Structure formats: C-alpha cells, structure tokens
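Working notes, structure below.
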Amino acid sequence: MNNILFSKICEFCQLGLPTGNPKRISGGYMHKMYRIKTSSGDYAVKLLNPVIMQREDAMKNFMLAEGLEVKLQSANIPVVPALEFNNQKMQCIDNQYFYIFHWIAGKSLNQKKIKKEHCKIIGKILAKIHKLECSEEYKEKADIVIDWDFYIEKAKDICPKVSTILSENREVLNKSMKKGNLAYKRIPKTVCVSNGDMDSKNVLWVGNKPQIIDLECLNYGNPYTELFQLSLCWCGYEQGRIDFDLLGAFIKSYIAEYGSFNAVWEDLYYSNIGRLEWLEYNVKRALFIECADRAEQKLGFKQVKETMKHIVYYENIKGTLLSYLNSIVPNA
C-alpha cells in the first residue's frame, strides 16, 4: 500500500504525524483494514472496497448504517463507532473512501476459544439490538434468483475449478434457493434493527467485555432469521461442526432478553440462504466480474471453496439440527 495515501489521510483528518508504516490487519473479506500509529494516537483505518463503492445502492446503505450506528451507541450497545471529521464519518481522498476508528486493544475469538459465557453475552446483546425502537415498515424480501448454469459455463474458460465446484453441487444449490425463497415467506413478518455481521471475528474482547466492530452492514431485518444465522456462526457451523452447548446458550440467552419466540425452526432452517448470495459474490470475484485486482480474485476463489463446504455441511446436518432446536425451544 502506498504510504502517500496514509500520509494524506493523517494530514486531512489531523491525526498527527505517522510514527511508523501502516500495518495491514487480517480478517476482512470485503474491505481492507490497517493500523496506523501517529503522534496523536493509535488508529484503525478501513479502506472501502472500490468495487463495492461503485454499486448503485452502496452510498445509501452506508449512510443508513451510519445512522443506525449512532442509534446503537446511544443505547449503550458496546460498539466501536467510526470517528467524525468535518461532521461526517465517511471520508474520501483520491477516490478512496475510508473510515477511521480508535484502535481497540482487544482480540477476536477463534472457535476453539468461544465458551458458553461468550455466547450468552452476544445472544443478549443481539436481543437488545433487536428490541431497539424501529419505525420501519415490513417489506417483502425479493426472492434470491441466481443462474448457476450461467456461472458454470462462464467459469469453464476463466476458472475451470469454479465451474467444477458449482457443477458438482448444482442440485443442492438450486434446491436450497427454491426452498429458501418459499420458507422466507412463512416467517413472521416483523422488522428490527439488524447488525448483519456480528460473527466472532467482528467482536473484540477486552477481558470479558465485548466491543463490536465492522458496523457497515447495519440495516433493518428480521429478528428470527438473524438470531438463527448468528447463533450458528457462534457455535461452529463455519468450521464444519456444531457445538450444541454453545448453540443452546446463545438461543436461550437471546430469548430470555427478547421475549416470545414465534417462528418455526424448519422455516428458519430453509430460509438461511444468505450463503448463496455470498457464494455468488465470490464467484463473481473469482471470475473477474466484480473484482478489483488479482489478490481479490484469489480471495474470491478461496471463499468459493469454503462457502461451498458450508452449504454442503448445512444440507447434511438438517435432521440433527432441527431435532435439537425443537428440544430446547419447541415450535410455536
């Protein structure tokens, strides 16, 4: 990364003089995060993906997230908000959009270090977010429609391995999409403030105190679907195994704070098809359809492989998962 950009950032935002080279922080799948130390303090700088910023609705989504970030902060939800400069959070220099944060000396937890107590804490925080006042009206979610055959054919010349991965799993992809679209229509039609991305990598722990980062996905959503998806993330689903003690701790803590639970687990199971959209996004990156550079293309291909593993595993655990969920919280 060109240090000239960071020098300009420090000057523009009056952060003081850099006292060392910026350090790239791993973990981000869409944007790039750096740590910079200056004469005035220690900061995190998030460089927003230029391809994402070209999307028609990108700026509207970021502005909505910024407003909700303030709402969470006002409600004493433990978030790390973006700093304001010239009365605005998002900044831009040389066509590079970015956010700046105070550096937090905390650590995210890998799956081996997540305990029941962590899940109880995050489950309760999620419920508090969902209970925030929300005047947004319910809007019917558009069906997910992805032409996997198109990508299978297009990938044959550009990235044959992607074509093979999609082709071998074409049936499960199409079945998941069809059943998911139908199931989502059966879920209770309620709206809440939604974090959208509060998995373990986006929660830093300072001792036993959580600090929630990466808030640009804040939006409005459905509390039931987010509870279901996030509880899976915290109990090991993405590592290809589920710790049911963690899953139960998360869900019970959430419901104890949130209140009544009126959804059907099988509907929530099938409606959990956001992974299909994430898979499509990474297929586009792997095929240079929506990709900034070669490094992002490689990341896209890696995520295609990982995401497909998650999708196949999810298909295989349906019976065991639903049996457990119905044993701890029976369907309404």
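The values are calculated or read from the model by the stated rules, or taken from the named source; none is laboratory data. All of these numbers come straight from a predicted model, not from anything done at the bench. Note that each Cβ is placed from the backbone with ideal geometry, even for glycine, and that neighbours are counted across all protein chains shown. Note: areas computed on protein heavy atoms with side chains; ligands, DNA, RNA excluded. Shrake-Rupley method; radii C 1.70, N 1.55, O 1.52, S 1.80 Å.
Considering only alpha-carbon pairs that sit under 8 angstrom and 6 or more positions apart, the relative contact order computed for segment 166-302 is 25 percent. Averaging the sequence gap over all C-alpha pairs within less than 8 Å and six or more residues apart, then dividing by the number of residues, gives the chain a relative contact order of 17 percent. So what does the Cα-only Debye profile of the chain read at q = 0.07, 0.09, 0.10, 0.11 Å⁻¹, as log10 I(q)/I(0), no solvent term? Cα-only, vacuum Debye calculation for the chain: -0.31, -0.51, -0.64, -0.78.
Every Cα-Cα pair of segment 154-221 was included, and the share exceeding 16 Å stands at 71 percent. Exposure check, 1.4 Å probe, all protein chains in place: Lys189 carries approximately 110 Å² of accessible surface.
Quick note on segment 81-154: its Rg to Rh ratio, both from C-alpha atoms and Rh being the Kirkwood radius, is 1.11. A cut-off of 5 Å between modelled amide H atoms, ignoring neighbours fewer than 5 places along the same chain, links Ser194 with Asn219, Tyr220, Gly221. For the residues Ala263, Ala155, Ala142, a GNM of the chain with alpha-carbon springs under 10 Å puts the largest fluctuation on Ala142. For segment 14-93, the square roots of the Cα gyration tensor eigenvalues, ordered a ≥ b ≥ c, give a/c of at least 1.5 with a/b no greater than b/c, which places it in the oblate category. Neighbours of Glu216 by Cβ distance under 9 Å: Lys/Arg scored +1, Asp/Glu scored -1, total -3. Need one word for segment 185-262: rounded, prolate or oblate. Basis is the Cα gyration tensor (sqrt eigenvalues a ≥ b ≥ c); a/c below 1.5 gives rounded, then a/b vs b/c decides. Verdict is oblate for segment 185-262. Per residue, the average separation of C-alpha pairs within less than 8 Å and at least 6 apart gives segment 67-128 a relative contact order of 23 percent.
Ligands, DNA and RNA aside, Met59 has an accessible area near 70 Å² when probed at 1.4 Å. Taking only protein heavy atoms and a 1.4 Å probe, the accessible area of the chain is 49% carbon and sulfur. Per residue, segment 1-122 exposes an accessible area of 57 Å² to a 1.4 Å probe, with every protein chain left in place. Across segment 16-24, computed HN-Hα scalar couplings (Karplus, 6.51 cos²θ - 1.76 cosθ + 1.60, θ = phi - 60°) run x, 8, x, 10, x, 6, x, 10, 5 Hz from first to last residue, x flagging Gly and Pro.
When the convex hull of its Cα atoms is viewed from all sides, segment 212-332 shows a mean projected area of 8.4 nm².
Membrane-span-like helices in the chain, defined here as complete DSSP H runs extending at least 20 Å along the helix axis by their C-alpha atoms with mean Kyte-Doolittle hydropathy no lower than 0.5, are 244-258; this is a sequence and geometry rule, not a statement about a membrane. Accessible area per residue for segment 226-301, computed on protein heavy atoms with a 1.4 Å probe, is 36 Å².
Distance between the modelled labels on Gln54 and Tyr313, one decimal in nanometres: 3.3 nm (7 Å Cα→Cβ projection). By a 1.4 Å probe calculation restricted to protein chains, Arg241 has an accessible surface near 110 Å², given to the nearest 10.
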